[in-house]
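Just below is one structure, and these are the notes that go with it.
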There are 2 protein chains.
Amino acid sequence: MDIFIEPIGKLINEFSKLPGVGKKTAQRYAYKIIDMSEAEAKAFADAILGVKRKVHYCKVCGNFTEEEECAICRTRDKSVICVVKEPKDVFAIEKLREFKGVYHVLHGVIDPLSGIGPNDIRIRELLARIQNGDVKEVIVATNPDVSGDATAMYLAKLIKPLDVAVTRLAHGIPVGSEIEYTDDVTLARAFVERNRL
Amino acid sequence: MDIFIEPIGKLINEFSKLPGVGKKTAQRYAYKIIDMSEAEAKAFADAILGVKRKVHYCKVCGNFTEEEECAICRTRDKSVICVVKEPKDVFAIEKLREFKGVYHVLHGVIDPLSGIGPNDIRIRELLARIQNGDVKEVIVATNPDVSGDATAMYLAKLIKPLDVAVTRLAHGIPVGSEIEYTDDVTLARAFVERNRL
């Protein structure tokens, strides 16, 4: 006889699929669901189904949207495009409420080791946007790792000839941190990218 | 304009209701759901609904079950009853696969400060079980805190006159830990409850 009766075991198993959730945490979550009212549990289940049913990708930028074209694409300055790897990067940047331009979600980065080439991510769509629109600058905001850097270099080579400025987010010492504790690679980049005062 | 479109914001909000889950973790969980296939998300939602629909309390012991009477009550030695505060305590003990008796879930402990008296928890049901059955021992496994201890004392006073042994889980130094790092209260209890070798 299993310790957990089947419906509880099933729910624990589902919660275990969430990132960073082990058996113990999944149990705590399952208990919480059991303690919820029927209506609360229904709202939870509906929220999960709703996200799958209503959310899809914007046909322009590739970010999540409920419509055909997302609110950002419809309303903001199209002359600056910020290129990111995934939709969650859009949320991270939007949170700042600083960037006034639009986005382009690549849905991946060039990563030959994983067999992901330029044609596997949304680079063609980006070029089409640049060729059809009045784009002045493309800010490449891929992650500062090997594949993110490679993707940025690749994009720069493609886009610069189209007479569009290509920039990349600055690397350097995180604000508020200490030089002593900054890792070597970051510190070296901070030297290379130093600014005139 | 909100950063998150409504279905995603809603799902993040639902995940935030889980114990120990903040905004950031809830976001990660929501992304995971978005990345799931339709079928996977449906299975997740169904598991949540299933737990609410199928799981209720055993009419005898008060633990979770899908049937009227749980599998433990139906199949195990009824002469020893282990009394616990919540169903999750049953799982913790069942995991050991040591205890062969049955359980009684109080669904709470006596806690006058929170206005919870003996009649608010399943003490009456426990007494009925003892009076109607052939019970030899009641092991009180409430938590070793003020209200858990008070409940244990209260139960002992009620049950002892019925000619049933009442025991309480031992307190002491956790196995594998060091005396040096054991907290004062636990160490003192370990002295009081010391055993003859």
**Fill in**
Considering only helices (runs of 4 or more DSSP H) wholly within the range A:75-170, the ones with at least 3 residues that are within 28 Å of A:V192 (Cα to Cα) and of a type in the set (G, A, S) are A:146-159
**Request:** Mind telling me which of the residues A:I33, A:I12 ends up being in contact (Cβ under 8 Å) with a residue 12 or more places away in the chain and facing chain B (nearest Cβ under 7 Å)?
**Result:** A:I33
**Prompt:** Hey, any hits in the range A:126-140 for a residue that's basic (K, R) and free of Cβ contacts under 8 Å to residues at least 40 places away in the same chain?
**Reply:** no
**Message:** Looking at A:K85, A:K54, A:K42, can you tell me which residue is more than 18 Å from the chain's Cα centre (by Cα) and touching a residue at least 12 places away in the same chain (Cβ under 8 Å)?
**Reply:** A:K54
**Request:** Among the residues of the range A:57-69, write down those that are touching a residue at least 12 places away in the same chain (Cβ under 8 Å), closer than 19 Å to A:V84 by Cα and facing chain B (nearest Cβ under 7 Å).
**Result:** A:F64
**Message:** Just checking, does the range A:104-119 include any residue being at pLDDT 95 or above, touching a Cys at 6+ places or on another chain (Cβ under 9 Å) and within 21 Å of B:I34 (Cβ to Cβ)?
**Reply:** yes
**Request:** Considering only the range A:166-184, state which residues are over 22 Å from A:G108 (Cβ atoms) and either more than 22 Å from the chain's Cα centre (by Cα) or of a type in the set (A, V, I, L, M) (or both).
**Result:** A:A170, A:I173, A:V175, A:G176, A:S177, A:E178, A:I179, A:E180, A:Y181, A:T182, A:D183, A:D184
**Fill in**
Restricted to the range B:141-176 and to residues being more than 28 Å from B:L187 (Cβ to Cβ) and in contact (Cβ under 8 Å) with a residue 24 or more places away in the chain, the residue surrounded by the fewest Cβ atoms within 10 Å (Cβ to Cβ) is B:L162
**Message:** Looking at B:A47, B:A41, can you tell me which residue is in contact with a Leu (Cβ under 6 Å, 6 or more places away or on another chain), at pLDDT 95 or above and at the interface with chain A (Cβ under 10 Å from one of its Cβ atoms)?
**Reply:** B:A47
**Message:** From the list B:D163, B:D149, exactly one residue is more than 23 Å from the chain's Cα centre (by Cα), among the charged types (D, E, K, R) and more than 27 Å from A:I5 (Cα to Cα). Which is it?
**Reply:** B:D163
**Item:** Total residues in the range B:89-106, condition under 13 Å from B:T142 (Cβ atoms) and surrounded by fewer than 16 Cβ atoms within 10 Å (Cβ to Cβ)
**Value:** 1
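The values are calculated or read from the model by the stated rules, or taken from the named source; none is laboratory data. Model, not experiment: these values are computed from the prediction. Backbone-built Cβ (ideal geometry, glycine too); neighbour counts: all protein chains shown.
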